[in-house]
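The values are calculated or read from the model by the stated rules, or taken from the named source; none is laboratory data. If you're wondering where the values come from, they're calculated on a predicted model, not measured in any experiment. Note that each Cβ is placed from the backbone with ideal geometry, even for glycine, and that neighbours are counted across all protein chains shown. Please note that ligands, DNA and RNA were not included when accessible areas were found on the heavy atoms of the full protein model with its side chains. Shrake-Rupley method; radii C 1.70, N 1.55, O 1.52, S 1.80 Å.
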Amino acid sequence: MKTEERRILINGEPCRLTRTEYELYQWMRRNQGSVVSRDALLKHVWGFPAEADTRSVDMCVRRLRAKIGQGRIRTIYGKGYILVA
């Protein structure tokens, strides 16, 4: 079964994302400029309970950073992540 992909434009160039990467990116875009906690991402992107013990968010953020640029998603220690313009 093929993984569903989505495309976004980064600096005018198409960028292919997996469904989960796309959902993560879209949620962060809706909250751009605000810190989004891991718990909120687990709940809204993955549908997990907020206190789930998983590294899914961290791994997906790492893959997304590699695709859209390291400086676009910043980690705010102890708080979560923020998407910057």
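Per-structure values
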| read-out | value |
| --- | --- |
| Residues that are open to solvent by 30 Å² or more (accessible area, probe 1.4 Å) and on the phi < 0 side of the Ramachandran plot, drawn from segment 23-39 | GLU23, GLN26, TRP27, ARG29, ARG30, ASN31, GLN32, SER34, VAL35, SER37, ARG38, ASP39 |
| Unmet criterion (only one of (1) in a loop (DSSP other than H, G, I, E, B); (2) basic (Lys, Arg); (3) modelled with pLDDT of 90 or more) for LYS2 | (3) |
| Single match in THR20, THR75, THR54 (criterion: open to solvent by less than 60 Å² (accessible area, probe 1.4 Å) and either farther than 21 Å from ARG6 by Cβ or outside any helix (DSSP H, G or I) (or both)) | THR54 |
| Among (1) β-branched (Val, Ile, Thr); (2) part of a loop (DSSP other than H, G, I, E, B); (3) within 13 Å of the chain's Cα centre (by Cα), the one test that ILE82 misses | (2) |
